[in-house]
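Undergrad: The structure follows.
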Amino acid sequence: MNINRRTLLALALATGLTAPTLSVAQADSIKIGVLATFEGAFAVLGEDSERGALTAIDEFGGKVAGKDIELIKGSSDASPDSAVRAARKLVEQDGVKVLIGPLSGDEGIAVKDYAKTQPDVTFLNGSSAAQDTTLRNPAENFFRFSTDGAQWMAGLGNYAFNEKGYHKVATVAEDYSFPYTQVFGFMAEFCKAGGTVPSKSWVPIGNKDYSSVIAAIPDDVDAIYVALGGADAVNFLSQYNDAGGQAPLIGGSITVDQTVLTAKGRLHDVLVGTPAAGPTADTNDSQAWKDFSAAYKKQDGAFPSPSLFAHAYYINMKAALLALQEVNGDLSDGGKKFREVLSKLEFETPTGKVSLDENRNAIADMFLTEVSEADDGTLVNKLIKVTPQVNQTLGIPKDEFLALGAVSRENPSCP
Amino acid sequence: MTDTSGNRSNPLAQSQGMTRRQALGVVVLVVAAVFVWMVFAQWPDWLKAVLISKKAFLSAILNGLTLAGLYFLVASGFTLVFGLMRNVNLAHGSLYLLGAYIGYEFAEWTGYWLIGVAAGFLVLAVVGLVMQITVFRRLEGQDLRQTLVTIGISVVAADLMLAYWGGTTYQILTPRWLSGAIKLPVVTAVRSNGTEVFLVYPFYRLIVLFSAIVIGIGLWLLINRTRIGSMIRAGVDDRDMLAASGVNVHFVFAIVFALGAGLAGLAGVVGGSALSVAPGEDIRYLLASLVVVIVGGMGSIVGAAIGALIIGLAEQIGLVYFPTYGVVLTFVIMVITLAIRPQGIMGRSL
């Protein structure tokens with residue numbers, strides 16, 4: 001009797017919890033899942049990516065094709081298994097048909113593989129930027145309107161070699177697919193220009209104590225290329241400062257991003273003047289960027305300028321909404337029409353025109369920047385140069401590019 | 001009698017000309033001599049080929065020592081609480097992180113770093129006291145339940161802290177007199193023109209190491225030389241007998257828990273100044289102190305010091321010489337300890 005009553009209660013509770021959401025969802029709303037790192041070392045990055053996605057939704061007035069947009073969040077901690085777990089929850093429990101995310105490199109590769117098992121669900125990348133998410137063995141239903149980490153480096157290697165005169169550079173980067181991609185992008189240009197990279201340090205993600213790593217960097221390098229993100233970058237930079245760091249720095253895209261530039265600590269001195277490249281530039285003075293920046297700042301807790309995570313989630317969310325509008329919110333055919341529209345979609349973003357290649361990876365403008373101090377004392381990425389319409393193979397013919405091999409700790413190498 | 005205590009357990013060794021203890025002493029002396037030579041001599045090229053550079057090696061050792069100091073501060077509270085109450089406090093990492101945030105707030109508010117350190121200790125001691133009185137006292141004797149409750153507390157605390165302080169990385173700024181690097185009297189290289197390059201090391205990190213040693217000695221004195229210390233030791237051995245002999249056990253428990261939590265908070269501020277404060281630190285330091293006390297032996301202060309030393313050095317040396325597999329090294333050490341001496345290096349069998 002007792003057990004029976006309990007089972008009944010549980011059943012009633014379960015139906016009570018699931019039934020209303022199902023019926024509401026069918027009627028007049030479209031569910032979009034957003035997957036980002038709301039926990040762990042990249043939490044602050046995840047928070048900003050959500051602001052980016054919300055900026056796009058606000059731009060559409062919270063509605064698409066006459067239906068309300070229902071946003072469901074999934075949280076990961078930058079590890080691939082947590083990302084897949086969160087994606088499964090969004091797809092299999094919450095029943096989203098459109099998913100935006102994830103944020104970090106290895107997560108992107110894992111979610112791409114998961115996407116292959118869910119052919120009726122459409123996945124749009126968040127800000128994850130590992131090369132092989134789309135280059136090798138891509139998934140039919142995974143789209144990346146943001147670009148990859150090697151594309152982000154466009155222009156930096158030449159600038160460091162020719163303008164800055166750095167000929168010998170050591171690298172420090174986290175040990176996973178996204179920094180491999182960034183180092184690849186940087187070295188592709190830098191080594192071609194004639195530079196050498198005698199030492200590469202790969203550190204585990206979430207490492208705190210970098211002083212031993214700093215001590216092991218050869219003394220005779222002209223500069224240090226740093227591709228670390230979030231808390232890792234802050235730790236490295238402040239410890240580099242404490243150790244009396246002499247060599248100038250070259251920044252990976254997320255190392256000198258707003259998520260790091262706004263951190264509280266003594267980073268100012270080591271950062272000012274650091275060249276970097278990425279998909280955004282804080283001082284971009286095009287009207288589209290200014291409008292985007294203003295819209296972004298209406299979100300809770302926004303940075304002085306949108307980070308590249310906010311930017312990437314904005315672009316992917318906007319692409320999803322534009323395509324949804326075109327199919328009139330109709331996903332009843334398993335999203336087939338929706339994906340067709342997506343793969344042909346071409347639109348103007350705050351950072352210029354974006355279109356997709358045959359692997360569904362974006363071709364977009366890249367920005368060479370240098371950290372400088374704004375009038376109000378905040379640090380910003382000053383725009384130096386725009387590299388227009390960079391594709392995933394960095395302008396190299398595709399078969400030649402594939403022959404360079406997959407990015408890894410050892411590839412590329414020019415000691 | 002010239003007998004040393006070592007050969008009493010092994011009288012046969014005497015006939016071999018050297019006791020086990022003497023043999024160990026010789027090995028230690030040789031290792032120490034090699035180490036001193038590595039510190040002060042100019043390195044030949046073959047050694048550089050193996051160990052990258054003298055600067056890298058010595059920095060890794062020094063960093064290992066300072067990291068060990070930090071781990072010791074966190075783990076000593078953990079091991080004290082476990083030794084006395086048989087309570088594996090899995091919310092210990094949350095106490096560390098909360099202490100760091102509290103220290104940051106106070107240091108920002110007053111402008112004095114030392115006030116931040118004191119606040120980290122005091123506030124967390126009070127938090128520990130409240131936890132002991134409101135939660136653990138109610139669950140006395142139910143070890144498993146207590147452990148599960150601490151997991152719950154750590155999950156809730158992590159989210160509350162994320163909600164209040166956000167995901168941003170904080171750096172507690174050390175005062176000017178503590179920051180900057182100093183030259184150590186160790187020559188790492190000689191330039192071609194004959195000038196000597198000295199090893200430069202952040203001053204604050206030496207202070208971390210120094211304060212960990214001072215606190216360690218203080219704890220040892222407290223445990224071994226004071227009345228409350230003898231009560232704690234008696235409690236570790238036999239809680240019920242201690243209660244039966246008229247000691248207010250709850251009072252002792254509360255003191256120890258407050259001290260343990262306070263030390264975690266203090267470590268939070270000190271560590272947050274050396275490194276940084278961000279969500280996720282709680283798990284990291286919980287894991288570190290778990291490994292440290294498993295290696296060192298649950299419930300022993302000296303064990304925590306030895307464990308911290310081994311783990312700190314292993315982490316830093318691993319980071320420099322084999323970064324990809326460095327993380328594994330700590331766990332290999334833990335597995336070996338568990339296989340050979342399950343109670344830990346200084347632990348007593350439970």
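Undergrad: How many residues does the stretch B:83-114 hold that are of a type outside the set (D, E, K, R) and farther than 19 Å from B:Arg284 by Cβ?
TA: So the count comes out to 12.
Undergrad: Additional query: Among the residues of the stretch A:190-211, what is the count of those that are away from chain B (no Cβ under 11 Å) and touching a strand residue (DSSP E or B) at 6+ places or on another chain (Cβ under 9 Å)?
TA: 5
Undergrad: Here's a follow-up. Return a yes/no flag: does the stretch B:322-333 have any residue that is assigned to a helix (DSSP H, G or I) and at pLDDT below 85.
TA: Yes, some residue in the stretch B:322-333 is assigned to a helix (DSSP H, G or I) and at pLDDT below 85.
Undergrad: Going through the stretch A:230-246 one residue at a time, which ones are buried (at least 24 other Cβ atoms within 10 Å of the Cβ), facing chain B (nearest Cβ under 7 Å) and among the acidic types (Asp, Glu)?
TA: none
Undergrad: Would it be correct to say that A:Gly108 is in contact with a Cys (Cβ under 9 Å, 6 or more places away or on another chain) and part of a helix (DSSP H, G or I)?
TA: no
Undergrad: Something else about it: Looking at A:Leu308, A:Leu322, can you tell me which residue is more than 14 Å from chain B (Cβ to nearest Cβ) and either touching a helix residue (DSSP H, G or I) at 6+ places or on another chain (Cβ under 8 Å) or buried (at least 22 other Cβ atoms within 10 Å of the Cβ) (or both)?
TA: When all the criteria are applied, what remains is A:Leu308.
Undergrad: If you don't mind, another one. Among all residue pairs at least 6 apart or on different chains, which show Cβ distances below 6 Å where the first residue, located in the stretch A:263-275, is within 12 Å of chain B (Cβ to nearest Cβ) and the second is hydrophobic (A, V, I, L, M, F, W, C)?
TA: If the second residue must be hydrophobic (A, V, I, L, M, F, W, C), the pairs left are A:Ala263/A:Val234; A:Leu267/A:Leu237.
Undergrad: Determine which member of the set B:Phe257, B:Phe322 is crowded, with 24+ Cβ neighbours inside 10 Å and either without any contact (Cβ under 8 Å) to a residue 40 or more places away in the chain or aromatic (Phe, Trp, Tyr) (or both).
TA: The match here is B:Phe257.
Undergrad: Another one. Within the stretch B:33-67, work out how many residues are more than 11 Å from every other protein chain (Cβ to nearest Cβ), aliphatic (A, V, I, L, M) and either in contact (Cβ under 8 Å) with a residue 40 or more places away in the chain or within 16 Å of B:Leu313 (Cα to Cα) (or both).
TA: Total meeting the criteria: 2.
Undergrad: So, in the stretch B:163-213, how many residues would count as being in contact with a strand residue (DSSP E or B) (Cβ under 9 Å, 6 or more places away or on another chain), more than 18 Å from A:Asn241 (Cβ to Cβ) and among the hydroxyl-bearing types (Ser, Thr, Tyr)?
TA: Total meeting the criteria: 2.
Undergrad: Residues in the stretch A:115-141 that are of a type in the set (Phe, Trp, Tyr) and either outside the structural domain of A:Ala86 (by TED's automatic domain parsing) or at pLDDT below 95 (or both): how many?
TA: 0
Undergrad: Go through the stretch B:286-303 and give me each residue that's under 19 Å from B:Ile213 (Cβ atoms) and either in contact with an Asp or Glu (Cβ under 9 Å, 6 or more places away or on another chain) or not in a helix (DSSP H, G or I) (or both).
TA: B:Ala288, B:Ser300, listed by residue number.
Undergrad: Ok, one more. Considering (1) closer than 19 Å to A:Gly46 by Cβ; (2) at pLDDT 85 or above; (3) within 13 Å of chain B (Cβ to nearest Cβ), say which one A:Ile214 fails and leave the rest.
TA: Single failed check for A:Ile214: (1).
Undergrad: Restricting attention to the stretch A:280-301, report how many residues are assigned to a loop (DSSP other than H, G, I, E, B) and either open to solvent by less than 10 Å² (accessible area, probe 1.4 Å) or within 20 Å of A:Glu373 (Cβ to Cβ) (or both).
TA: 6
Undergrad: Would a scan of the stretch A:89-109 turn up a residue that is hydrophobic (A, V, I, L, M, F, W, C), in contact (Cβ under 8 Å) with a residue 12 or more places away in the chain and out of contact with any Gly (no Cβ under 8 Å at 6 or more places or on another chain)?
TA: Scanning the stretch A:89-109, I find at least one residue that is hydrophobic (A, V, I, L, M, F, W, C), in contact (Cβ under 8 Å) with a residue 12 or more places away in the chain and out of contact with any Gly (no Cβ under 8 Å at 6 or more places or on another chain), so the answer is yes.
Undergrad: What is the number of the single condition among (1) more than 22 Å from B:Arg284 (Cα to Cα); (2) within 13 Å of another protein chain (Cβ to nearest Cβ); (3) touching a residue at least 60 places away in the same chain (Cβ under 8 Å); (4) surrounded by fewer than 20 Cβ atoms within 10 Å (Cβ to Cβ) that B:Leu122 does not meet?
TA: (2)
Undergrad: Somewhere in the stretch A:56-66, is a residue part of a helix (DSSP H, G or I), in contact (Cβ under 8 Å) with a residue 40 or more places away in the chain and either within 14 Å of chain B (Cβ to nearest Cβ) or under 19 Å from the mean Cα position of the chain (by Cα) (or both)?
TA: The answer is yes, given that some residue of the stretch A:56-66 is part of a helix (DSSP H, G or I), in contact (Cβ under 8 Å) with a residue 40 or more places away in the chain and either within 14 Å of chain B (Cβ to nearest Cβ) or under 19 Å from the mean Cα position of the chain (by Cα) (or both).
Undergrad: Still on this structure, please answer the following. For B:Glu140, are the conditions met, namely being acidic (Asp, Glu), open to solvent by 10 Å² or more (accessible area, probe 1.4 Å), more than 17 Å from the chain's Cα centre (by Cα) and farther than 30 Å from B:Met241 by Cα?
TA: So B:Glu140 fails the test.
Undergrad: While we're here: Report yes if A:Gly74 is small (Gly, Ala, Ser), assigned by TED's automatic domain parsing to the domain that holds A:Ala320, open to solvent by less than 10 Å² (accessible area, probe 1.4 Å) and within 20 Å of A:Asn137 (Cα to Cα), otherwise no.
TA: For A:Gly74, the condition - small (Gly, Ala, Ser), assigned by TED's automatic domain parsing to the domain that holds A:Ala320, open to solvent by less than 10 Å² (accessible area, probe 1.4 Å) and within 20 Å of A:Asn137 (Cα to Cα) - is not met.
Undergrad: If we scan the stretch B:155-165, do we find a residue that is more than 21 Å from the chain's Cα centre (by Cα), more than 22 Å from B:Asp282 (Cβ to Cβ), touching a residue at least 12 places away in the same chain (Cβ under 8 Å) and within 11 Å of chain A (Cβ to nearest Cβ)?
TA: For the stretch B:155-165, residues more than 21 Å from the chain's Cα centre (by Cα), more than 22 Å from B:Asp282 (Cβ to Cβ), touching a residue at least 12 places away in the same chain (Cβ under 8 Å) and within 11 Å of chain A (Cβ to nearest Cβ): absent.
Undergrad: Could I ask something else about it? Filter the helices (runs of 4 or more DSSP H) completely within the stretch B:171-285 down to those with at least 1 residues that are modelled with pLDDT of 85 or more, within 30 Å of A:Gly230 (Cα to Cα) and within 14 Å of chain A (Cβ to nearest Cβ).
TA: So the answer is B:203-225, B:249-274.
Undergrad: Shifting gears a bit: From the set of residues in the stretch B:166-179 that are farther than 20 Å from A:Glu39 by Cα and either polar (S, T, N, Q) or in contact (Cβ under 8 Å) with a residue 12 or more places away in the chain (or both), which is most open to solvent (accessible area, probe 1.4 Å)?
TA: Taking the candidates together, the pick is B:Leu173.
Undergrad: A:Ser355 - would you say it is open to solvent by less than 40 Å² (accessible area, probe 1.4 Å) and over 19 Å from A:Phe143 (Cα atoms)?
TA: For A:Ser355, the condition - open to solvent by less than 40 Å² (accessible area, probe 1.4 Å) and over 19 Å from A:Phe143 (Cα atoms) - is not met.
Undergrad: Does the stretch A:209-224 contain any residue that is within 30 Å of B:Val328 (Cα to Cα) and under 22 Å from the mean Cα position of the chain (by Cα)?
TA: Within the stretch A:209-224 (the criterion being within 30 Å of B:Val328 (Cα to Cα) and under 22 Å from the mean Cα position of the chain (by Cα)), the answer is no, since none of the residues qualifies.
Undergrad: Please indicate, with yes or no, whether at least one residue in the stretch A:349-359 is farther than 25 Å from A:Ala56 by Cα and among the aliphatic types (A, V, I, L, M).
TA: No, the stretch A:349-359 contains no residue that is farther than 25 Å from A:Ala56 by Cα and among the aliphatic types (A, V, I, L, M).
Undergrad: Going residue by residue through the stretch A:88-95, is there one that turns out to be out of contact with any strand residue (DSSP E or B) (no Cβ under 6 Å at 6 or more places or on another chain), among the hydrophobic types (A, V, I, L, M, F, W, C) and more than 18 Å from A:Val44 (Cα to Cα)?
TA: Within the stretch A:88-95 (the criterion being out of contact with any strand residue (DSSP E or B) (no Cβ under 6 Å at 6 or more places or on another chain), among the hydrophobic types (A, V, I, L, M, F, W, C) and more than 18 Å from A:Val44 (Cα to Cα)), the answer is yes, since at least one residue qualifies.
Undergrad: Next question. Might you let me know whether the stretch A:31-48 holds any residue that is more than 30 Å from A:Thr349 (Cα to Cα), modelled with pLDDT under 90 and β-branched (Val, Ile, Thr)?
TA: No, because not a single residue in the stretch A:31-48 is more than 30 Å from A:Thr349 (Cα to Cα), modelled with pLDDT under 90 and β-branched (Val, Ile, Thr).
Undergrad: Return a yes/no flag: does the stretch A:361-370 have any residue that is open to solvent by less than 50 Å² (accessible area, probe 1.4 Å) and in a loop (DSSP other than H, G, I, E, B).
TA: No.
The values are calculated or read from the model by the stated rules, or taken from the named source; none is laboratory data. Computed from a predicted model, the values in this text were never measured in an experiment. FYI the Cβ positions are ideal-geometry reconstructions off the backbone, even for glycines, and counts take in every protein chain you see. Ligands, DNA and RNA are excluded from the accessible area calculation, which covers all protein heavy atoms including side chains. Shrake-Rupley method; radii C 1.70, N 1.55, O 1.52, S 1.80 Å.
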